[in-house]
Structure formats: structure tokens, C-alpha cells
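Note sheet for the following structure.
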Amino acid sequence: MKKKTRAIETKLLAAVMVAASALAANAAEVLKPQIGEPLADAAVTRAPDGIYYLTGTRAMNRRLVYDKNSKTAALGPWELSKRPDGGPDFMDNDGVKLWSSKDLVEWKEEG
């Protein structure tokens, strides 16, 4: 089983290298998954069931919002964490998230 898995991994790596080389030749063809937020250090892998999974460093956060009337705190809406220059702050985030896709175009948030 290990030999078969290693052979599949080797073929997948070769396919990724060929695809990356072809895409580098024409940057306009690079896939840009629309997941609703910026990601850094993105990683995509294909599971044995044929589904692709995407994860990476997020720049989204939810702050605690205090309600003076009820004297309770709750998580506020999702916000893009920003650096002083206005760009995404990937150091200030709430952790990782996972998306799945059958076709590398349409992505479903898994959690």
C-alpha cells in the first residue's frame, strides 16, 4: 500500500510541477479561488476520494463586543485584520479554516 501511495504522490507532484510551470508562463491563467477572504501560504491537496482541500493563513478575526445594557460580551462580525498600511494582517487571525472543492473553481467552507 505504501508503494502505491508513494507512486500516487509522485505522480501528483509531477503533475503539480508541470501545471505550475505552464501557469507561470502565462500568469493570467492562474486560478484564484473566490472564498471571500485573502489567504497567505495557501495549500491545496487532493484526498483519496478525489476532493480538493484548501487551507492557509487567514487575515480574518472577530472581536469581542461588549453590550453595556445587558452587560454581556459576544463575538462581533467577521472583520479583515489590517496592517497600518491597510494591507491584510496575516499575523492577527483566529486560526485556520478549510474549504473543499470538486473542480478547483467552486469552494465550500468546511470549517
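The set of residues from region 79-108 being in contact (Cβ under 8 Å) with a residue 40 or more places away in the chain and either open to solvent by 90 Å² or more (accessible area, probe 1.4 Å) or among the polar types (S, T, N, Q) (or both) comprises VAL96, SER100, SER101, LYS102.
Just checking, does region 8-20 include any residue being modelled with pLDDT of 80 or more and open to solvent by less than 80 Å² (accessible area, probe 1.4 Å)? No, the conditions are met nowhere in region 8-20. Screening region 95-111 for residues that are within 11 Å of VAL44 (Cβ to Cβ) and part of a strand (DSSP E or B) and picking the one that is nearest to the chain's Cα centre (by Cα) gives TRP99.
The values are calculated or read from the model by the stated rules, or taken from the named source; none is laboratory data. Model, not experiment: these values are computed from the prediction. A quick note on method: Cβ atoms are made from the backbone with ideal geometry, for glycine too, and the neighbour counts reach across all protein chains shown. Accessible surface areas use protein heavy atoms only, side chains included; no ligands, DNA or RNA. Shrake-Rupley method; radii C 1.70, N 1.55, O 1.52, S 1.80 Å.
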